[in-house]
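All of the numbers you see were taken from the coordinates with simple rules; none came from a lab. Every value quoted in this text rests on a predicted model; they were computed, and no experiment measured them. Using ideal geometry, Cβ is built from the backbone for each residue, glycine included, and neighbour counts are taken over all protein chains shown.
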Amino acid sequence: MGVFKGRKEIAVYHESVIPMYSHNAFIEALPPIMDKEAVASLVERRPAYRSSDRNFSPEIRKELAQTIKHLIVPHLIQLDLAERFSRMIRNGYSSRNPIRAEYKRQLQAGFKDFTVKEIEDGMENLKSIRSNAEGFAIIGASGVGKTTAVESILGLYPQVIHHNEYHEQPFIQQQLVWLKIDCPSNGSWNCQI
């Protein structure tokens, strides 16, 4: 199993028209929400083909036929999957707004250096914070394109976003947008990150 790694980008913010997503640096740094046509055009891969390739010897044509492995023609199920990823990622960040005090308290509660009183106070403050994290399973027979679909969709998003400034205020953060973990079909814990 190979490791699929994405790209790293400097944050470029896009104002959201969805109130739940607005004024959240983590969401506004994501690529804008795309319609199905835009997703299809970005995910689609068609290997180069020239009609003159037909004139080559059978041996060369057999080699050229291998380019079919790089063909990606998005199906409706893959476009639906792209929408699910978009909602899952954005909804996951909706309760993790790094500008809001609740988020900062949530982060601080994760550190063990606090006194018992601070932890008790922190836990009291965190009772109202709910996780919006979502997930889903993709199940199918081997070779039907599950990995190709997931990697194509993840490729629509940077894996890491570097934040330096948000609304003209210093905002130094590294945002891990996605992490893909491949687990072997035998169900062992020997997974690759």
- Query: Along the principal axes of its C-alpha atoms, what lengths does the stretch 1-112 span, in descending order and rounded to whole Å?
  - Reply: 68, 35, 26
- Message: Given a Förster distance of 22 Å, report the FRET efficiency between Thr147 and Ala65 from their Cβ-Cβ distance, rounded to the nearest 0.05.
- Response: 0.50
- Using packing as a proxy for protection, rank 137-150, 72-85 so that the peptide with the highest average count of other Cβ atoms within 10 Å comes first. 72-85, 137-150
- For Tyr13 paired with Ser52, estimate the spin-label separation in nm (one decimal), with each label point 7 Å from Cα along the Cα-to-Cβ line. 5.2 nm
- Net lengthening on full extension, Ala133/Ile33 (0.36 nm per residue, minus Cα-Cα): 34.2 nm
- How much FRET efficiency would the formula 1/(1 + (r/R0)^6) give for Ser185 and Arg87, where r is the Cβ-Cβ distance and R0 is 35 Å, rounded to 0.05? 0.80
